[in-house]
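The values are calculated or read from the model by the stated rules, or taken from the named source; none is laboratory data. Just so it is clear, the model here is predicted, and its values are computed rather than measured. Positions of Cβ are generated from backbone atoms using ideal geometry, with glycine treated the same way; all protein chains shown enter the neighbour counts. Note: areas computed on protein heavy atoms with side chains; ligands, DNA, RNA excluded. Shrake-Rupley method; radii C 1.70, N 1.55, O 1.52, S 1.80 Å.
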Amino acid sequence: MKIHDLITTTGALDDLVARLAQSEFVCIDTEFMRENTYWPELCLIQIGNEQEAAAIDPMASGIDLTSLLDLMCDNEDILKIFHAGGQDVEIIYNLTGKTPQPIFDTQIAMMAISQSEQIGYANLCESWLGITVDKGARFTDWARRPLTERQIEYAIGDVTHLAQIFPMMLKKLIKTGRGAWLNAEMEKLADPENYRNTPEHAWRRIRSVGRNPHVLGRLKALAAWRESEAQHKDIPRGRIMRDETLSDVASHPPKSQADLAKVRGLSNAWRENDIGKRMMGVIENAKPLPPGEMPDKKKRGAPLGKEGALVADLLKLLLKIRAREIDVASRLLTRSDELEALAAGMRDVPILKGWRYDVFGKDALALVEGKTGFTVKNGKLIMSSADAMRADMRADMRADMLNVESSDAEGAKANSGADNDEVGEAAE
């Protein structure tokens, strides 16, 4: 594989993109910094296929990334490969307002062909290629220039190894027939709604503070204000105000700006500074949340209770057994809250639909409805239908009865022999 020098000009980038556009797939990774900013600061882009790879410096003076971004978002003939690519996709969305299409994430794919829940890149390389990845540059300051050769080599390795692993992984997926399982997961990863930070929707990410329309109205207004402040200042939203503080203010609004000094999580300066003044204006103008925007009530079946909790535990045991049997990550099949909902009587859950029903859901439903259960055979815990279990029990009972009858017969024969010996001795 040819490894190019660090690309810092538009001409070199356009030439690389023109060649990569002839590929069936490209592997992509990014390095960024976001500890002190709202928007992640893109510091390096790595891209490659089976023939060549390069690192691109988006911070280089005058470089135009248009051809690269068009390749990722507008060329649907090329599959874009990521590993744990959520943050990479977010960065591309921030730059373009679009997400890469089509997309494939090797971390998610590993869940369909192994029991790995969230395998890291180093472990992925160890598992598939038998190589150890140098982790020394993980916590580097990618915004500092110039980049060292070690940093660039480390970064490019994130796509060169992936370009080797993906074809192998694809063959296994095809062999197992589980590629279709991943379609919905990849669509979810590429859904632009996951990356759209609209201030008006920011309140939905905060833990609910009940269903009081006045409280929720203040929560919505405050969350939107905080999001706008953070975006404008380009600082993490938590630097403006933590979620817990925001919820507390929404539930117990201060009567005056001076009262902000009493709010836990806010400094005394808020009682007289401009940001405190702006927040008080938001609180005063907040309107109750309209009925159409009220969050849905949590759907619940019958209360679990002690017996329902035991059923949920059995379902979790079944999940563990099934995941082991078919070598798949249990997280790809379902989550604990879905199992608890099923145990509580709910039936509108994902595991009772599509491929998840065929693979796991139908057995989970049969367990809940008493049509199947656990049994031990040859020291191994397995699932068995209720009819089969009853048949096994009857067979075991018949075997026990035959053993008892055989033992009684042998005992009677032994006693008869002993009696004859006693008679013979008496006759002598």
Does any residue of region 151-173 turn out to be surrounded by fewer than 17 Cβ atoms within 10 Å (Cβ to Cβ), at pLDDT below 95 and in a loop (DSSP other than H, G, I, E, B)?
-> no
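Yes or no, residue by residue, for (1) within 24 Å of N212 (Cα to Cα); (2) in contact (Cβ under 8 Å) with a residue 12 or more places away in the chain; (3) not polar (S, T, N, Q):
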position	(1), (2), (3)
E227	yes, yes, yes
P236	no, yes, yes
I240	no, yes, yes
A250	yes, yes, yes
D274	no, no, yes
P288	yes, yes, yes
L310	no, no, yes
K320	no, no, yes
Tell me, please, whether a residue that is charged (D, E, K, R) and under 28 Å from R331 (Cβ atoms) can be found in region 142-156.
-> no
Unique residue being open to solvent by 60 Å² or more (accessible area, probe 1.4 Å), polar (S, T, N, Q) and either closer than 18 Å to T148 by Cα or without any contact (Cβ under 8 Å) to a residue 60 or more places away in the chain (or both) when the list is Q46, Q22 = Q22
Examine region 302-313 for a residue that is at pLDDT below 95, open to solvent by less than 30 Å² (accessible area, probe 1.4 Å) and aliphatic (A, V, I, L, M), and state whether such a residue exists.
-> yes
Looking at region 238-252, which of its residues are open to solvent by 50 Å² or more (accessible area, probe 1.4 Å) and not in a helix (DSSP H, G or I)?
-> R242, H252
Out of all the residues in region 199-212, is one or more surrounded by 14 or more Cβ atoms within 10 Å (Cβ to Cβ), of a type outside the set (S, T, Y), touching a residue at least 12 places away in the same chain (Cβ under 8 Å) and out of contact with any helix residue (DSSP H, G or I) (no Cβ under 7 Å at 6 or more places or on another chain)?
-> no
So which residues in region 260-292 are open to solvent by less than 40 Å² (accessible area, probe 1.4 Å) and either in a helix (DSSP H, G or I) or closer than 20 Å to H201 by Cβ (or both), if there are any at all?
-> L260, A261, W270, I275, G276, M279, M280, G281, V282, I283, A286, L289
Please enumerate the residues belonging to region 204-226 that are assigned to a helix (DSSP H, G or I) and closer than 25 Å to G85 by Cα.
-> R204, R205
In region 350-363, residue least open to solvent (accessible area, probe 1.4 Å) [restricted to those that are without any contact (Cβ under 8 Å) to a residue 40 or more places away in the chain and over 22 Å from L189 (Cβ atoms)] = G361
Looking only at region 63-84, and only at residues there that are in contact with a helix residue (DSSP H, G or I) (Cβ under 7 Å, 6 or more places away or on another chain), assigned to a loop (DSSP other than H, G, I, E, B) and over 17 Å from A18 (Cβ atoms), the one that is most open to solvent (accessible area, probe 1.4 Å) = A84
